[in-house]
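Enquirer: Below are the structure tokens for one structure; questions will follow.
Derivation of every value follows stated rules applied to the coordinates shown; laboratory data play no part. Quick caveat: nothing in here was measured; it's all calculated off a predicted structure. Every residue, glycine among them, receives a Cβ derived from its backbone with ideal geometry; neighbour counts consider all protein chains shown.
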Amino acid sequence: MDDFKNASTKGFWWKRFFYTVTGAKHDYELGPNWFASVMGTGIVANAAASLPLFADRLHGPALAVWCLASLMLIGLFLATSTFLFRQQNAWRRHFRDPMMAQFYGAPPMAALTVAGGTLLLGHELLGRDLALEVAWGLWIIGTVAGLGSAVVIPYRLFTTFEVRADSAFGGWLMPVVPPMVSAAVGAMLVPHAPEGVPRQTLFYLCFAMFGLSLLAALIIISMIWARLAHHGTSGTSRVPTLWIVLGPLGQSMTAAGILGNVAEGAVPADIARGFEVFAVLYGVPIFGFAILWTCYASLLSLRARQRHMRFALTYWAFTFPVGTCVTGTAQLARHTGLPLFEWASVFFLAGLIAAWTVAAFGTTRGMILGHLLLPPSSFPKPVVSVKESNDRQD
């Protein structure tokens, strides 16, 4: 055992991971931000399965990716639970950190993403009945935890965390987006709910979570826009979190589209027709803003990359939000029948696959080298946003 502990750490990533999850004395740890990798992987499967074009050709790869995401969710849950049980001070440190705490929205979204994939793909391996039971279980867990994150983390932001004028960043969206994911996945479960009051209640509950998340996200997006206008960007690995803005945009298009699909049979016919119309009247303008923000986020990311932005787990912000734009535009294609939205979803899927490749490669390399498992500094240097006119190196 002593030889195992004293072995050279270079290249022995699995030994470092072993000490991380077993709680032995070490300098490595896991945080809730790691669950973003499950979100980013699971959305690849969901997006490919939802694609209006080529979905039949991508079915096999999508199923394989869903299996990978499911295994990642189980593995990360067990590893993180073991680590936090043995290193309880790490949980407190994460919860008190104004940046890390925002990522407590990631675990519920990871569970919800896998739940969506279970409904779309998992029935082929698990059977319809078991897949439905798993999806219900993950949806309930993800919804309860997601509503908790939407309440607790912003409350701590309001009452505890120190916030500067340039503190707003994409990570602030993480705690409030899970209810939107619950709305989309819950809408998929509406046809499987008992008819009558239970089904109608679930339907309106999903629509309420849609509004809960959307309004909170719009406030935060406005704050991010104001920070960029007044203070610029940091040029650091925080820049990829700007892509998180696409998350509530794409996921809300997805939720609105699915609610429109399942409204018939859940609510009265006249109201159901309204939800079908709403899917288009809401989705098309949001699609336009999503394209605009994609341009902004791309330019700012390229700018940061030119300034030698280092790889971090925030690179997974390139994946899940883009994936929600795939599923959102796929719903628009279904409701309008226009090739514009069909090919737009293909375009976003291509970007998603490229982003997932970069994030997965960087994460694997970071685990091998070990720096992604390093605990944060006890006194982290504040991330400062500065414009080019004030600092040419930002």
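Enquirer: Please determine, by comparing only the residues of the stretch 257-271 that are hydrophobic (A, V, I, L, M, F, W, C) and crowded, with 18+ Cβ neighbours inside 10 Å, which one is nearest to residue 324 (Cα to Cα).
Expert: Within the stretch 257-271, the match that is nearest to residue 324 (Cα to Cα) is 258.
Enquirer: Turning to a different aspect of this structure: Name the one entry in 279, 297, 290, 312 that is surrounded by 15 or more Cβ atoms within 10 Å (Cβ to Cβ), more than 30 Å from residue 364 (Cβ to Cβ) and under 23 Å from the mean Cα position of the chain (by Cα).
Expert: So the residue among 279, 297, 290, 312 that is surrounded by 15 or more Cβ atoms within 10 Å (Cβ to Cβ), more than 30 Å from residue 364 (Cβ to Cβ) and under 23 Å from the mean Cα position of the chain (by Cα) is 279.
Enquirer: Filter the stretch 50-66 for residues that are surrounded by 15 or more Cβ atoms within 10 Å (Cβ to Cβ), part of a helix (DSSP H, G or I) and hydrophobic (A, V, I, L, M, F, W, C) and give the result.
Expert: 62, 63, 65, 66 - these are the residues of the stretch 50-66 that are surrounded by 15 or more Cβ atoms within 10 Å (Cβ to Cβ), part of a helix (DSSP H, G or I) and hydrophobic (A, V, I, L, M, F, W, C).
Enquirer: Here are some conditions: (1) surrounded by fewer than 18 Cβ atoms within 10 Å (Cβ to Cβ); (2) closer than 30 Å to residue 268 by Cα. Residue 202 meets all but one. Which one does it not meet?
Expert: Result: residue 202 passes all but (1).
Enquirer: The conditions are (1) out of contact with any Cys (no Cβ under 8 Å at 6 or more places or on another chain); (2) over 24 Å from residue 332 (Cα atoms), and residue 125 fails exactly one of them. Which is it?
Expert: So residue 125 meets the others, but not (1).
Enquirer: Within the stretch 285-301, is there a residue that is within 24 Å of residue 32 (Cβ to Cβ), touching a residue at least 12 places away in the same chain (Cβ under 8 Å) and out of contact with any Cys (no Cβ under 9 Å at 6 or more places or on another chain)?
Expert: So far as the stretch 285-301 goes, yes, one or more of its residues are within 24 Å of residue 32 (Cβ to Cβ), touching a residue at least 12 places away in the same chain (Cβ under 8 Å) and out of contact with any Cys (no Cβ under 9 Å at 6 or more places or on another chain).
Enquirer: Listed residues 216, 226; which is assigned to a helix (DSSP H, G or I), surrounded by fewer than 18 Cβ atoms within 10 Å (Cβ to Cβ) and among the hydrophobic types (A, V, I, L, M, F, W, C)?
Expert: 226
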